[in-house]
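Data block below; observations after.
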Amino acid sequence: MLLMLTAVAWVALARPVSAADFSPRTNLVQAILSEDLAEQTQLIQNLIGAEDPMVQQALTAWRGGSVYIFETNDTKVPFLLDGTIDANSNAKGIRIIDGEPLKDADGRPLLFVTTDLTPADASSKVRKLIKVALDLFALGNANPKMRRDAITKLGQEQNADYLPHFEARTKIETDKEVIQSLVEAVALTQVASEDAKVRVAAIQKLGEMRSINSVSFLKQIETDARKTPDKFGPETIQAAHAAVLAIDSYMAWGNLFGTAFRGLSLSAVLLVAALGLAITFGLMGVINMAHGEVMMVGAYTAYVTQNIFKGWFGASGGGFDSYFIAALVASFIVAGLVGLVLERGVIRFLYKRPLESLLATWGVSLLLQQLFRHIFGAANVQVSSPSWMSGSYVINDVLLAYNRVFVIGFAVFIVVGTYLLLTRTSLGLQIRAVMQNRAMASCVGVRTDRVNMMTFAYGSGLAGMAGACLSQIGNVGPGLGQNYIIDCFMVVVLGGVGNVFGTVSASLGVGMTDQILQPWLGAVMGKITVLGAIILFLQWRPAGLFVTRSRSLES
Amino acid sequence: MTSHKQFILSLEGVSKSFDGFKAINDLNFYMDEGELRVIIGPNGAGKSTMLDIITGRTRPDKGKVEFGANTDLTELNEYEINRLGIGRKFQTPSVYIDHTVFENILLSLQGSRSVWSTIFSRVTASQRERIHEVLKTIGLTDRATWKAGALSHGQKQWLEIGMLLAQNPKLLLVDEPAAGMTDEETAKTGELLMSLAGKHSIIVIEHDMVFVRQIARTVSVLHQGSLLCEGTVDQVQSDERVIEVYLGRKKKAQ
Amino acid sequence: MTSFLPKREALLVVIAAFLGLVVLPCLNAYVPPDSAFHVSNFTLTLYGKYLCYSVLAIGVNLLWGYTGLLSLGQALFFSLGGYALGMYLMLMIGKLGQYKADIPDFMVFLEFPARFPATAGLPPHWIPFKSFWFAAAMVIIVPAVVAYIFGWLAFRSRIKGVYFSILSQALTYAATLMFFRNDFTFGGNNGLTDFKFILGHEVNSPVTKRWLYIASGVLLLSVYLGLRWLTSTKFGMIQRAIRDSENRVLFSGYATANFKLFVFVLSAIICGLGGALFVPQVGIINPSEMGPDKSLEAVVWCAVGGRGNLLGPILGAIGINSLKSYATHAFAEQWPYILGALFVFVTLFMPKGIIGLPEQFRELRKKLFGKPAAETGPVAQPVSPKIP
């Protein structure tokens, strides 16, 4: 039996090993077969950073005692057992060198029973070496981000054994961020050093780096050092304290920056939504309670556009990714049309009767909500972000999500556009004329009816685009409008009517305050506080931030 | 009556600007008790803003506004100023359209203005008498049961003046009473105002020069928020500066 | 009868009160169930609910129709009144709850004993609500105080018109969010429910329900007569004057803010009372009852019935809620369409509501076939007893 096996294996071994497989695996095979600890140590260390899953698997197996050696007269072939075991507890043998099964002369895979086999030797020293190698394996991960994460984790273990490997890797690493995290990991590991000089230098290094990952370690060492100053020495206390302070303040700024960013993006959505509301209220003296539902129409338009593009281009790729641009345009048009119908059908009978317009448009909002519930169902629908809008920039440890960055930029675009529309176009001139004196404008030949219609459609179109933007950062459902309408109204109340600058400031005020308060008070109490603040603010400035003074007494 | 030096109303160094626009600019204005004063001036001269400041609708940026001996009006709000005896008629007639003419006057009668007193008050015989007296003065006796909304434009103007009279104010501020009236109505309004002068001090803002000529003894001309000149109608009309302001003949640089 | 009620109206009120307060309860109590004239317990309670809604509608109308203040916060005051009595009712459950505990079920469920160990789990502010009279006082005081604070701030800074509506809506919204929170100690989104006793009587027994119905009727009648009187006084005139020309009132020496504040607080109290009687009849109060949408519904009852008079809101409240009860059984999906369309239709085509329809028809007829000469004549004033 053994003889036969030997013969077959010989045949199998005779096949040449391809060059690509050569270095790490050969290295490993040598290590397994070596009898000399020093040589083994060297060989195993060579394996660190090898980008080969087979090596990793084999190392793990070796450490766990499940690498076996297939011996013939003069060759020894280390192998693993295949994971699948047949009914007779037999498993195939997999050669480490090339991952191929061991075969007999007929080319049939050889089968082994675990109990018959003797594992390859692994002394405790070797096992420890293997563990380090395995831990450090991720150093060689092809993905820089994975590499970075792994290094950060390794650094936090503060294992001095890793130090030489970090340094080795630093020499060959090309990715700047990975080098950064290597330096951080080295310093963090050195923080645990017994040598006070090394320790202090490392602490100072981390402080300089504003290393958020190590702040808890630094705090710990500061506490420890204060407890037993004899052991650590005053320099350590000082350095740790300074480093913690530096990092804490850096984090505070980072948090502030992050909060500001989220506040900015919420403000941006509010702004685009409230701008339309403020213009129509200023122009026509009507309050559109269905404005939120117009936003909803925009969001669902984005959803439908997405589905259409999915049908054409599949669920990913450049074709699909361009859907959002089309969705913005479509939502502007669809929502604008809804606004047009609303204006012609309801609003135009209610000019300068804000209370009545409030009621009628509330009715419209009920109708629209129920209509969309009928068509699309009561549950939220999924609108996926195009690939260029998912992901985020990282600037100084602050995440800036692309979709939010886009929304902010878009809001700026809309505000500038609206401002130019109002100040540079003839429609804008007419809008402003009607806003100031409807009767006079009509006397000098402005078709006020048409101006109303266009303005309302434009305002609704803006709301529609706001809805499309919302589909990227929030849920899309029939209740979407209701979640934002009160905030929008608050912006209008706060900013005054018919004043672009007022609306901008007010939406910034509401959005920012909301986001600043949320971490402290929670979402609900934050909202309530904002509402309370607005009511109190109006005590001081009853007509909002920016008042366009009206000369007529009965205004 | 009182000494002639005692002004019923004085504005000293009053300024008010809106968004950088100086609506009132260092205005000085004095008025004797019982006087009927007409204020004219081109659009934007600050006439209505001046009334706003006197009645507490707008606070001046600086300056003194005194009523009678030493009542500072700048610290008071509209209804407190009204209770001192300053009544204001708005440019567009402002009456309670859903109430009868009688009720309109009733609500304006002198008396307590607190919430509780209005709940429990009853109309007394003397009040009724006073209302009819006012209705007679403004010539609306036979319209007492009409809803004010059903009155003509001129009648609404008279009703509003009647509402002021019912309060028996010391000072009446009347903003363009003749606007939108027929010639006949305008003449009647003029007579009405003249009959009230003496008993009350009256400030009238007006554009209609025929009307001004009819009622005015002293005319003050406002221009760019300050007093340009003061005098009789003839004096004012022949004043070079006034002509320049109104007709825009710019002979000399200012 | 009193001088503020014209004879015809007084007769109508007496007849309606007799039918509603005497005949209907008798038909429920003394006519056997198999008779065609029998009024079932269910129906009677349903009517009781409508009567409470009518009180709410009158509260809305007192502000909107008479003073020109469209408040979107009246459902909040209604609910505050409801919660105040609901707290008493919760404490009367005793050990009959599912957890057989001394404190209401939701407090056990939310682990209040750990939060309020000193009082065995009952939040301190709940304790006085064991007294019915304390709760009854709170039914009035809580809405009044909330309305006073909000009204004082709003009217002081001269917030009016649609701004007032929007801010009152925001107030309601904020309150709703607050009541939805479990740690606000009012039962979170489940609210207060499973009541057992009121003043020692079983809440769900037909006799108690009948008396609750009668109490609602008496409340509605008193509110109607009280406001009928109030609106006929000089105060009432000023109210309407503020609606039509607030500046004129202000420049006539009236501190309009005080008048508006008075009306606002009064309306809040009326709504709170309505809510307090509503809760034991329907057996539950939760935050969804107080939201801005509920306030808007109450506004539409007024709009449909006709605002600016006292009968319209009652008509609207009873009419629309009957329709709603029917519609939500027969075609629930379509109800929002109907309600929405009603909002639009009424504001566009029936500005004076059902009450104003005859007048609208008269005007229409006049426009189509009328003699223009008649239009300039004085408007007849049958209800003007003060004119000599």
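Rule-based calculations on the coordinates, nothing more; no lab input. Not measured: the values here are computed from a predicted model. Every residue, glycine as well, gets a Cβ built from its backbone with ideal geometry; the counts of neighbours run over all protein chains shown.
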How many angstrom separate the Cα center of segment B:181-217 from the Cα center of segment A:396-471?
-> 49 Å
Peptide-level mean, for C:327-340, of C-beta atoms on other protein chains within 10 Å | 3
Among A:Phe309, B:Phe21, which comes first, second and so on when ranked by fewest other beta-carbon atoms within 10 Å?
-> B:Phe21, A:Phe309
The exposure ranking of A:Ser460, C:Ser131, fewest beta-carbon neighbours within 10 Å first, is C:Ser131, A:Ser460
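Quantify how strongly other chains surround peptide A:159-170 by giving the mean number of their Cβ atoms within 10 Å of each of its Cβ atoms.
Details: counts 0, 0, 0, 0, 0, 0, 0, 0, 0, 0, 0, 0.
Counting other chains' Cβ atoms within 10 Å and averaging over A:159-170 gives 0.
State to the nearest 20 debye the size of the charge dipole of the protein assembly as shown about its Cα centre, where the only charges are +1 on K and R beta carbons and -1 on D and E beta carbons.
Working: 104 positive and 91 negative charges, 860 e Å.
So the magnitude is around 4140 debye.
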The helix A:291-313 Cα axis meets the longest alpha-carbon principal axis of chain A at an angle in degrees, between 0 and 90 and rounded to 10, of 40 degrees
Which pairs in the list C:Lys7/C:Lys209; B:Lys188/C:Lys366; A:Lys153/A:Lys176 are over 23 Å apart, alpha-carbon to alpha-carbon?
-> C:Lys7/C:Lys209; B:Lys188/C:Lys366
Mind listing P(r) for segment A:141-232? All alpha-carbon pairs, 5 Å bins, whole percents.
-> 3, 15, 25, 25, 17, 8, 5, 2, 1, 0
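Near A:Leu80, within a Cβ-to-Cβ distance under 11 Å, what is the net charge of the other residues, with Lys and Arg +1 and Asp and Glu -1?
Values: positive: A:Lys92, A:Arg95; negative: A:Asp82.
Taking every Cβ under 11 Å from that of A:Leu80, the sum is +1.
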Over what distance in Å are the Cα centres of segment C:170-222 and segment C:258-305 separated?
-> 13 Å
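Work out the length of the dipole vector of chain B about its Cα centre, built from +1 on the beta-carbon of each Lys and Arg and -1 on the beta-carbon of each Asp and Glu, and round it to the nearest 20 debye. All intermediate terms of the calculation are to be shown ahead of the outcome.
On the way: 30 positive and 32 negative charges, 38 e Å.
The calculation lands at about 180 debye.
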Nearest-ten-degree value, helix A:37-47 long axis tilted from longest Cα axis of chain A = 30 degrees
Say the dipole of segment A:141-232 comes from +1 at the beta carbon of Lys and Arg and -1 at that of Asp and Glu; which of A:Leu163, A:Thr228, A:Asn213 then lies farthest toward its positive end?
-> A:Asn213
Measure nothing fancy, just the Cα-based angle from helix A:144-157's long axis to the longest principal axis of chain A, in degrees from 0 to 90, nearest 10.
-> 70 degrees
FRET efficiency for C:Ser222 and B:Arg217 from the Cβ-Cβ distance with R0 = 51 Å, rounded to 0.05, comes out at 0.30
Answer with one residue from A:Ser23, C:Leu44, C:Ile103: the one whose Cα lies farthest towards the positive end of the charge dipole of the protein assembly as shown, charges on Cβ with Lys, Arg +1 and Asp, Glu -1.
-> C:Leu44
Ranked highest first by the average count of other Cβ atoms within 10 Å around their residues, in what order do B:167-180, C:71-84, A:190-203 fall?
-> C:71-84, B:167-180, A:190-203
Over the whole of C:155-165, what's the average partner chain Cβ count within 10 Å per residue? Rounded to a whole number, please.
-> 5
Residues with beta-carbon under 13 Å from that of C:Lys49, excluding C:Lys49: net charge, scoring Lys, Arg +1 and Asp, Glu -1?
-> +1
Whole number please: convex hull volume per residue of the Cα set in chain C, in Å³?
-> 179 Å³
Taking neighbour counts of Cβ atoms within 10 Å as a proxy for exposure, in what order, fewest first, do B:Thr58, B:Thr71, A:Thr305 appear?
-> B:Thr71, B:Thr58, A:Thr305
